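Encoded as structure tokens, the structure appears first; notes follow it.
No lab work stands behind these numbers, since they all come straight from the coordinates. Not measured: the values here are computed from a predicted model. Cβ sites come from the backbone with ideal geometry, for glycine too, and all protein chains shown count toward neighbours.
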Amino acid sequence: MPLSKLEREVITDSMLKVQSIQASLEQIDAAKIPESEEIQDCLENADHSFRDALKNNASVEPKEQAPNDKNG
């Protein structure tokens, strides 16, 4: 089922938050964070899932239709 414009915006916002977390964690020595590799894997998977959702689901926005000229 296609995503609505609002759903696309929510997913995009979530994806950007995940990317921000990834960038923030790059500033910390991974040895100081328990299970840091698992956290990075989880964030990567979330980012890919959000991207796939946006790529694979078209928006449900109604398109303007041209007038029907067949009946003249």
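Obtain the nm distance between the two label points defined at residue 41 and residue 13 by a simple spin-label model: each point lies 7 Å from its Cα along the Cα-to-C-beta direction.
Going by the 7 Å Cα→Cβ label model, 3.1 nm.
If you project the alpha carbons of the stretch 5-56 onto their three principal axes, what span does each projection cover, largest first, in Å?
40, 16, 12
Could you give the nm distance between label points at residue 49 and residue 30, where each point is 7 Å from its Cα heading toward the beta carbon?
2.1 nm
What is the local net charge at residue 44, summed over the other residues whose Cβ is closer than 12 Å to its Cβ (Lys, Arg +1; Asp, Glu -1)?
Net of charged neighbours comes to -3.
Take peptides 42-53, 19-30 and line them up by average Cβ neighbours within 10 Å, highest first, as a rough protection proxy.
42-53, 19-30
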